[in-house]
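The values are calculated or read from the model by the stated rules, or taken from the named source; none is laboratory data. These numbers come from a predicted model, not from an experiment. Positions of Cβ are generated from backbone atoms using ideal geometry, with glycine treated the same way; all protein chains shown enter the neighbour counts.
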Amino acid sequence: MSFGKVIDKKNTDLSKSIDKQKVPEHVAIIMDGNGRWAIKKGFPRSFGHNKGVSVLKEIIKVSKKLGCKVLTVYAFSTENWTRPIKEVDFLLNLFSEVLKNEIEEIHEELIKIKFIGDLTPFPDALKKRIYFSESLTKNNNKFLLNICINYGGRQEIVKVAKELALKSSSGEIKPSEVNEELFNSELLTQGIKDPELLIRTSGEKRISNFLLWQLAYSEIYISEVLWPDFNETEFLKAIIDYQSRDRRFGGIESSPNESFDDSHFSPQ
Ligand code: FPP
């Protein structure tokens, strides 16, 4: 993985449009469109996944350089098991190979890597690589890369509900003590700030069971570009669009002198 590349000429203008003070700390990405990209080019779907890895490497580098602190990517959903066995095997093997080939450089870049999801069904060899990578990078503090595999947002919420029910039945907590903070503390992303921005590629306008709890107030940016064609320019476009949003979290933006004018309403 090369982190030395500087922003190219085409991106210079875009990068100038970015407000460094308003860079999202946590960006989540649904990397969609690998298969379609490959098929369009007359290649097998695996070709798209391979290209997808190099795009991910570029986006890690760009987001880190920009000042983001956390990147969470959806690499394998709980629903992806329904794909043909050959594609599932290819993806699991790809995760393993990428970890083997890239972990040293990830570590050198002081990136902490964390896998989010139920790892139980994965082959032992992959699990071993995952545990090794997590343990090697656990004290790195420049950037956090969360890779969601065998992850589903609903499954995560059910897991939290079960943990809290167990704690409640054992008397460790009272049902009345269950609140958002306690719920957060049982999530797989426990301790990580919610994403300010979700990017989904390939034009699909769905959350697809990704981070259902954590995305409650995230801004959503849909890119029409298929993931293997996504790049620094497209990422910067997403950040610029995000920075143009007025984030109100359900409130309203008002100046201190402005009062609510209810003169148009005449109660019956
Ligand atoms: C979605 O495209 C992509 C995936 C299900 C796999 C994403 C995985 C990578 C980019 C590799 C990442 C590697 C590591 C180590 C994290 P799709 O297959 O659903 O494409 P389609 O919608 O066109 O069919």
Exercise. Does Leu99 qualify as being out of contact with any Asp or Glu (no Cβ under 9 Å at 6 or more places or on another chain), farther than 30 Å from Gln243 by Cβ and within 11 Å of the ligand (Cβ to nearest atom)?
Worked result: yes
Problem set entry | Glu104 vs. criteria within 11 Å of the ligand (Cβ to nearest atom) and in a helix (DSSP H, G or I) | no
For this session: Among residues belonging to the stretch 219-251 that are of a type in the set (Ser, Thr, Tyr), surrounded by 18 or more Cβ atoms within 10 Å (Cβ to Cβ) and within 20 Å of Asp13 (Cα to Cα), point out the one that is farthest from the ligand (Cβ to nearest atom).
Result: Tyr242
Exercise. Out of all the residues in the stretch 197-218, which are crowded, with 22+ Cβ neighbours inside 10 Å, more than 14 Å from the ligand (Cβ to nearest atom) and either of a type in the set (Ser, Thr, Tyr) or free of Cβ contacts under 8 Å to residues at least 60 places away in the same chain (or both)?
Worked result: none
Problem set entry | Residue list for the stretch 30-68, restricted to those being near the ligand (Cβ under 9 Å from one of its atoms) and either outside any helix (DSSP H, G or I) or at pLDDT below 95 (or both) | Ile30, Met31, Asp32, Gly33
Seminar exercise, completed: With criteria (1) over 20 Å from Ile29 (Cα atoms); (2) surrounded by fewer than 17 Cβ atoms within 10 Å (Cβ to Cβ), Phe122 comes up short on (2)
